Amino acid sequence: MEKELFSIKEMEIVYVPNSKKFTEQKITSSQSAHLIFRELFNPNTINFQEECIVLYLNNYNKVLGAQKLSKGGLTATVVDARIIFATALKSLATGIILAHNHPSGNLSPSNSDKELTRKLTEGAKLLDLKLLDHLILAPNEHYYSFSDEDIL
């Protein structure tokens, strides 16, 4: 009888859409993405707690799903690129749109915001994905788009 030298666990990755609210909705601009994100962010906490949400899109820029990635404090939240890319690959997304809020209402991107955008853009390229936009939302209805500002 042969001895088993090592054992490898089998993995199965499954993507199960659970909501039809935004799926199949096409993103045509930063404004159309902004409108979806406004419905996803909690209006009761947008003015005092940073949060990050990601939209995953197919090749036709239709929404496959959204992921509430993290909640933080007044001035920061943790964004783990590995989780974003793992979800993108699991859902067979080709595009990603990231949004986070600035409770202060200041829409200017911080150095951390710019570095995160650069890091996600470079990582996405390696995986044949595209970071289509990174939005910063203020508690009022205003927002900042990295794509509109030609920073991507």
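Listed here are the residues, each with its yes/no results for (1) surrounded by 13 or more Cβ atoms within 10 Å (Cβ to Cβ); (2) touching a residue at least 24 places away in the same chain (Cβ under 8 Å).
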residue	(1), (2)
LEU74	no, yes
ILE83	yes, no
ILE97	yes, yes
ASN106	no, yes
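Within the range 90-102, the residues that satisfy the criterion of being of a type outside the set (S, T, N, Q) and modelled with pLDDT of 95 or more are ALA93, GLY95, ILE96, ILE97, LEU98, ALA99, HIS100, HIS102. Exactly one residue out of ILE46, ILE53 is at pLDDT below 95 and crowded, with 18+ Cβ neighbours inside 10 Å: that is ILE46.
Here is a check on your reading of the model: is LEU127 closer than 25 Å to THR28 by Cβ, of a type outside the set (Lys, Arg) and surrounded by 19 or more Cβ atoms within 10 Å (Cβ to Cβ)? Even if it seems obvious, please write down each step before you answer.
Numbers: closer than 25 Å to THR28 by Cβ: yes; of a type outside the set (Lys, Arg): yes; surrounded by 19 or more Cβ atoms within 10 Å (Cβ to Cβ): no.
Criteria not met by LEU127.
Checked against (1) touching a residue at least 12 places away in the same chain (Cβ under 8 Å); (2) loosely packed, with under 14 Cβ neighbours inside 10 Å, SER110 passes all but condition (1). In the set (1) in contact with a Gly (Cβ under 8 Å, 6 or more places away or on another chain); (2) surrounded by fewer than 19 Cβ atoms within 10 Å (Cβ to Cβ), the condition left unmet by GLN67 is number (1).
Taking each residue of the range 42-61 that is within 24 Å of LEU132 (Cβ to Cβ) and looking for partners that are assigned to a loop (DSSP other than H, G, I, E, B) and aromatic (Phe, Trp, Tyr) with beta-carbon atoms closer than 8 Å, six or more apart or interchain, yields GLU51/PHE41; ILE53/PHE41; LEU55/PHE22. Before we move on, is LEU120 surrounded by fewer than 13 Cβ atoms within 10 Å (Cβ to Cβ), at pLDDT 95 or above and not hydroxyl-bearing (Ser, Thr, Tyr)? In short, no.
The values are calculated or read from the model by the stated rules, or taken from the named source; none is laboratory data. A quick note: this is a predicted structure, and the numbers were derived from the prediction, not measured. Reconstructed Cβ throughout: ideal geometry from the backbone, glycine too, with neighbour counts over all protein chains shown.
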